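Data first, discussion second: the structure below is written as structure tokens.
The values are calculated or read from the model by the stated rules, or taken from the named source; none is laboratory data. Everything numeric here is computed off the predicted structure, so don't read it as measured data. Glycine gets a Cβ as well: all are built from the backbone with ideal geometry, and neighbour counts include every protein chain shown.
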Amino acid sequence: MAQGSTPAATHDLSSLRVIVSSGEAWTPQAWRWCFEQAGGGVPILNFSGGTEMIGIVGTTVLRPIKPGGFNCALPGTGADVVDEHGASAPPGAVGELVMRRPSIGLTRSLWRDDARYLQTYWSTWPGVWHHGDFASRDADGHWFVHGRSDDTMKIGGKRTGPAEIETLLIGTGQLAEAAAVAVPDPIKGSALVLACVPRDPAADPDALRAELERVVVHGLGVPFRPARVLLVADLPRTRNLKIMRRVIRAVCAGDDPGDLTALVNPEAVAELRRLVAGPMGRRG
């Protein structure tokens, strides 16, 4: 989206039949732009999983496709969406994405750390693989992934995920990417921090920050007014382009971000540190 539709228009895509997508959860605007502008209407096949277990939900051309969704679960996984008690969630309810059966692609452990493997994936509910993603299913049996459950924020007594906020931000048309995180706040408990990549680097930064604050407050209420809006050149991401919100959160909170070897762009962390230490980073 940041590059516009010109790259797609200047290449011969007549042989393109499908687009396969994984990594970050789609926003509706990004999905429709890719489908209409970049892909020319070919199916987008979403796939969600991980290195440890290959996949849980996916998309096939044999069923209808909904924007940003998945139209099937992978066979043999026992995929489910569950509530905090481990019971299957009803259609439309957001819960944790799990596997009730160990699939053929499942790892047996983590390298020299069986205890960490069991604690991370198998300790929440007995005999159930806890993947760490929020998901839902609709009445038609289509699945939707809403982002990492450990990225969930509780601000002003309301629990939400970053996707809800980031969709509002991208909807302004002024950002190429955005990441929303919550950091500890002595008064509210948690405060919202936004790290945003402007589509136009030459845009007036003060006006842009004011506009982003306005759309968040309008969409979610005054308690979600951002404590900080950091305008950056790029967001920390892994080699498969997943945004590392835990790193952004740690830097903004002044904590150790931990292992950064998986990052493809460590310079993005250095820029975040510089901005957080500056006057706009300290603004309340």
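Does Gly92 meet the test of being on the phi > 0 side of the Ramachandran plot, surrounded by fewer than 15 Cβ atoms within 10 Å (Cβ to Cβ), in contact with a strand residue (DSSP E or B) (Cβ under 8 Å, 6 or more places away or on another chain) and modelled with pLDDT under 95?
Criteria met by Gly92.
If I go through region 37-50 residue by residue, how many of them are under 14 Å from Lys66 (Cα atoms) and either touching a residue at least 12 places away in the same chain (Cβ under 8 Å) or in contact with a strand residue (DSSP E or B) (Cβ under 6 Å, 6 or more places away or on another chain) (or both)?
Adding up the residues that qualify gives 6.
Among the residues of region 40-65, which ones are within 10 Å of Ser21 (Cα to Cα) and not in a loop (DSSP other than H, G, I, E, B)?
Listed by number, the residues that qualify are Ile44, Leu45, Asn46, Ser48, Gly58.
Suppose we keep only residues that are without any contact (Cβ under 8 Å) to a residue 24 or more places away in the chain and not in a helix (DSSP H, G or I) within region 5-36. Which one would you say is surrounded by the most Cβ atoms within 10 Å (Cβ to Cβ)?
His11
Inspect all residues belonging to region 162-171 and state whether any of them is among the acidic types (Asp, Glu), closer than 28 Å to Gly49 by Cβ and touching a Ser or Thr at 6+ places or on another chain (Cβ under 7 Å).
There is at least one residue in region 162-171 that is among the acidic types (Asp, Glu), closer than 28 Å to Gly49 by Cβ and touching a Ser or Thr at 6+ places or on another chain (Cβ under 7 Å).
Working carefully through the options Ala176, Ala180, find the one that is buried (at least 20 other Cβ atoms within 10 Å of the Cβ) and in contact (Cβ under 8 Å) with a residue 24 or more places away in the chain.
Ala180
If the requirement is being buried (at least 16 other Cβ atoms within 10 Å of the Cβ), of a type in the set (Val, Ile, Thr) and either more than 24 Å from Arg237 (Cβ to Cβ) or in contact (Cβ under 8 Å) with a residue 12 or more places away in the chain (or both), which of these qualifies: Ile187, Ile104, Ile155?
Sole residue among the options that is buried (at least 16 other Cβ atoms within 10 Å of the Cβ), of a type in the set (Val, Ile, Thr) and either more than 24 Å from Arg237 (Cβ to Cβ) or in contact (Cβ under 8 Å) with a residue 12 or more places away in the chain (or both): Ile155.
With the condition being at pLDDT 90 or above and β-branched (Val, Ile, Thr), I'd like the strands (runs of 3 or more DSSP E) fully within region 172-284 carrying at least 2 qualifying residues.
The strands (runs of 3 or more DSSP E) meeting that bar are 175-185, 189-198.
Restricting attention to region 40-89, report how many residues are surrounded by fewer than 17 Cβ atoms within 10 Å (Cβ to Cβ) and in contact with a Cys (Cβ under 7 Å, 6 or more places away or on another chain).
So the count comes out to 2.
Inspect all residues belonging to region 149-171 and state whether any of them is in a helix (DSSP H, G or I) and of a type in the set (S, T, N, Q).
Scanning region 149-171 turns up at least one residue that is in a helix (DSSP H, G or I) and of a type in the set (S, T, N, Q).
When residues of region 143-158 are filtered for being more than 13 Å from Ala25 (Cα to Cα) and either in contact with a strand residue (DSSP E or B) (Cβ under 7 Å, 6 or more places away or on another chain) or of a type in the set (Ser, Thr, Tyr) (or both), how many remain?
Residues in region 143-158 being more than 13 Å from Ala25 (Cα to Cα) and either in contact with a strand residue (DSSP E or B) (Cβ under 7 Å, 6 or more places away or on another chain) or of a type in the set (Ser, Thr, Tyr) (or both): 5 in total.
Hey, could you check region 68-113 for residues that are β-branched (Val, Ile, Thr) and part of a loop (DSSP other than H, G, I, E, B) and say which is nearest to the chain's Cα centre (by Cα)?
Applying the filter and picking the extreme gives Val94.
What is the residue count in region 190-236 for residues that are more than 20 Å from Val251 (Cα to Cα) and loosely packed, with under 15 Cβ neighbours inside 10 Å?
Going through region 190-236 one residue at a time, the tally reaches 15.
For region 116-136, check the following and say yes or no: at least one residue is small (Gly, Ala, Ser), surrounded by fewer than 17 Cβ atoms within 10 Å (Cβ to Cβ) and farther than 20 Å from Thr77 by Cα.
No, that holds for no residue.
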